[in-house]
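Reading through the structure tokens given below for one structure.
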Amino acid sequence: MSDREQRSTLARGIAISACAVTAAIALPTLAGRVETETQRAEFREDARYLASRIETRAPVEADSDSAVLDTEWIRTVEYALNRAPGAATDRYSQRYRDMAALEAYASFDPSHLEMAEQTQQEHECLSTAIYYEARSEPILGQIAVAEVIVNRVRDHRYPNSVCEVVFQGSERSTGCQFSFTCDGAMDRHPARGRLWRRAQDVASHVMMELNQPLTGSATHYHTDYVDPVWNRHLVHTKTIGTHIFYRFPRGREWAEVRERNERST
């Protein structure tokens with residue numbers, strides 16, 4: 001294999017591996033990669049190429065002066081392998097480094113792109129809910145709202161995905177679970193700017209489960225200036241910012257809630 005082909009092979013392997021990492025954590029940059037059918041087809045072809053290199057255990061080599069060795073991804077690999085600072089420029093070290101990098105992504109398959117695209121959609125839906133429901137809230141208040149949505153996804157009484165939970169009932173004039181999905185707010189005030197970017201950051205934080213639980217397993221909330229009738233059938237858990245949070249009763253709590261409602265009537 002010529003030096004030019006070796007550099008090209010390494011560059012392709014690194015590009016696909018980097019995209020695999022991006023897909024795994026659902027960063028927004030993946031959306032641009034799969035924006036069109038043509039781009040998606042090209043990416044799938046590159047992924048198959050990477051898979052073939054892994055299957056044949058073929059090392060990917062490059063000259064020591066290759067520009068790709070200066071990338072952050074390569075530095076991360078070198079650090080993970082406990083290489084000396086100058087090891088990246090040693091031809092034999094490159095061979096073992098590249099084999100280790102390829103082995104690390106041996107489980108990657110083009111089918112994972114569909115999962116990544118779904119995760120990207122979930123991130124968009126969660127970001128949208130945070131923006132329209134709590135964009136004026138402090139960070140903790142926004143995380144709490146996102147946590148309620150995630151709690152609903154985990155609850156058997158609700159749909160099994162973030163987007164289905166957020167837009168549940170939005171096809172009807174009444175019955176939407178989150179008012180912004182059916183009152184025209186998204187048309188009147190498109191999500192953009194600094195607050196939109198912050199909502200996206202909060203959504204990523206929650207989806208990667210980096211947050212400590214805040215709401216006491218809440219599945220409901222409302223602002224502190226309203227008093228909806230449905231909260232009488234739930235258990236109050238927390239008040240965070242301008243939102244009051246609730247969860248469904250458990251065990252004996254059901255009887256306590258019924259008794260409380262009977263006394264109030």
Answer with yes or no whether Ser127 is among the hydroxyl-bearing types (Ser, Thr, Tyr) and closer than 22 Å to Thr237 by Cβ. no
Within segment 167-197, how many residues are over 24 Å from Pro138 (Cα atoms) and either in a helix (DSSP H, G or I) or outside the structural domain of Pro138 (by TED's automatic domain parsing) (or both)? 1
Based on this model, can you work out whether Leu210 counts as of a type in the set (A, V, I, L, M, F, W, C) and under 21 Å from Tyr246 (Cα atoms)? no
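The values are calculated or read from the model by the stated rules, or taken from the named source; none is laboratory data. Fair warning: this is a prediction, and the values are worked out from it, not measured in the lab. Here Cβ is always computed from backbone atoms with ideal geometry, including for glycine, and neighbour counts include all displayed protein chains.
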